[in-house]
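Before any comments, here is the structure.
The values are calculated or read from the model by the stated rules, or taken from the named source; none is laboratory data. Please read all numbers here as calculations on a predicted model, not as lab measurements. Don't worry about glycine lacking a Cβ; one is built from the backbone with ideal geometry, like all the others, and counts go over all protein chains shown. Remember, those area values only see protein heavy atoms, side chains included, never the ligands or the DNA or RNA. Shrake-Rupley method; radii C 1.70, N 1.55, O 1.52, S 1.80 Å.
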Amino acid sequence: MLQRALTAAVLLAGFAAAILWFPRSGVAALAALLIGVAAAEWARLCRLSAIAAAGYVLGMVCTLAALLWVAIAGSTDTRWQGAVFAAATLFWLVAVPLWIATGVRAGARRLIVLTGFVVLLPAALALVILPPMRVLGVLALVWIADAAAYFVGRAFGRHKLAPGISPGKTWEGAIGGLLAVLVYAIICGFTVPALKAHLDGGGAWVLYLGAGVLLCVVSVIGDLFESAVKRQASVKDSGTLLPGHGGVLDRIDSAVAVLPIAVLISAAVPTT
């Protein structure tokens with residue numbers, strides 16, 4: 001357990017340093033690398049052949065490269081970005097919960113293959129578009145929710161959240177994660193200057209904390225969806241790249257769901 005915690009801490013510290021210190025082009029390259037690896041793992045969950053998987057990864061990375069090029073060096077018209085993030089938001093808030101409720105089955109392999117683009121590309125685009133500190137703030141929310149849910153669930157978990165998908169998750173853990181996110185959001189609201197200046201009334205605080213609750217819920221949805229996709233593929237982990245932690249998808253399943261929605265929410269908050 002200690003080794004896993006130390007490994008996770010090193011990975012998180014390295015990622016945070018890259019987000020803060022890399023130029024925008026460097027963050028774009030990092031996003032492309034992560035998405036390339038995640039696409040390979042998604043292809044594995046879709047049971048694609050080696051040749052098909054290679055083509056899938058190439059198609060994913062090339063599509064992302066085109067989107068990032070337009071975002072960084074292309075037209076100043078950003079309406080297409082709003083459309084991308086709005087579509088991703090509808091996917092995570094409407095389509096995924098319905099899909100989970102009806103069951104993610106192996107017979108829907110072609111749909112799952114296409115879904116990989118919706119899961120991965122908007123999140124990678126958000127990683128590059130959002131200011132670095134905001135990216136870290138959003139990812140911190142995801143990590144806090146996940147860690148709190150794990151420890152509260154281990155200590156007090158009695159009622160299963162989704163036993164057919166992820167037997168280890170409990171309602172108590174989810175509530176613990178939500179409370180931890182609210183504490184984190186309140187601390188940020190009083191200590192981050194840009195947020196503090198924006199939260200000038202009770203109504204603003206309600207909307208702000210509501211956004212935190214929404215992102216926390218979406219992080220759980222992202223985690224459950226990846227678990228459902230893994231279950232239809234009859235595998236425990238998405239990959240073996242990170243010893244003791246599974247694959248890249250296992251580490252970013254919540255973040256890929258939260259980041260696109262965070263872009264839309266952040267439009268109403270001053271840039272830090």
Residues being assigned to a helix (DSSP H, G or I), at pLDDT below 90 and of a type outside the set (A, V, I, L, M, F, W, C) - total across segment 83-113: 2
Filtered residue count, segment 162-199, keeping only those that are open to solvent by less than 40 Å² (accessible area, probe 1.4 Å), aliphatic (A, V, I, L, M) and touching a residue at least 24 places away in the same chain (Cβ under 8 Å): 8
Flag for residue 88 being exposed (fewer than 13 other Cβ atoms within 10 Å of the Cβ) and either over 17 Å from the mean Cα position of the chain (by Cα) or in contact (Cβ under 8 Å) with a residue 60 or more places away in the chain (or both): no
Qualifying position, being modelled with pLDDT of 90 or more, out of contact with any Asp or Glu (no Cβ under 9 Å at 6 or more places or on another chain) and surrounded by 14 or more Cβ atoms within 10 Å (Cβ to Cβ), among 16, 71, 65: 65
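State which residue is farthest from the chain's Cα centre (by Cα) when the search covers only segment 28-52 and only residues that are of a type in the set (D, E, K, R) and crowded, with 17+ Cβ neighbours inside 10 Å.
Here is the first cut: in segment 28-52, the residues of a type in the set (D, E, K, R) are 41, 44, 47.
From the residues that got through so far, the ones that are crowded, with 17+ Cβ neighbours inside 10 Å too are 41, 44.
Numbers: 41: 15, 44: 19 Å.
Result: 44.
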Which numbered condition residue 77 misses (of (1) surrounded by fewer than 16 Cβ atoms within 10 Å (Cβ to Cβ); (2) assigned to a helix (DSSP H, G or I); (3) free of Cβ contacts under 8 Å to residues at least 40 places away in the same chain): (2)
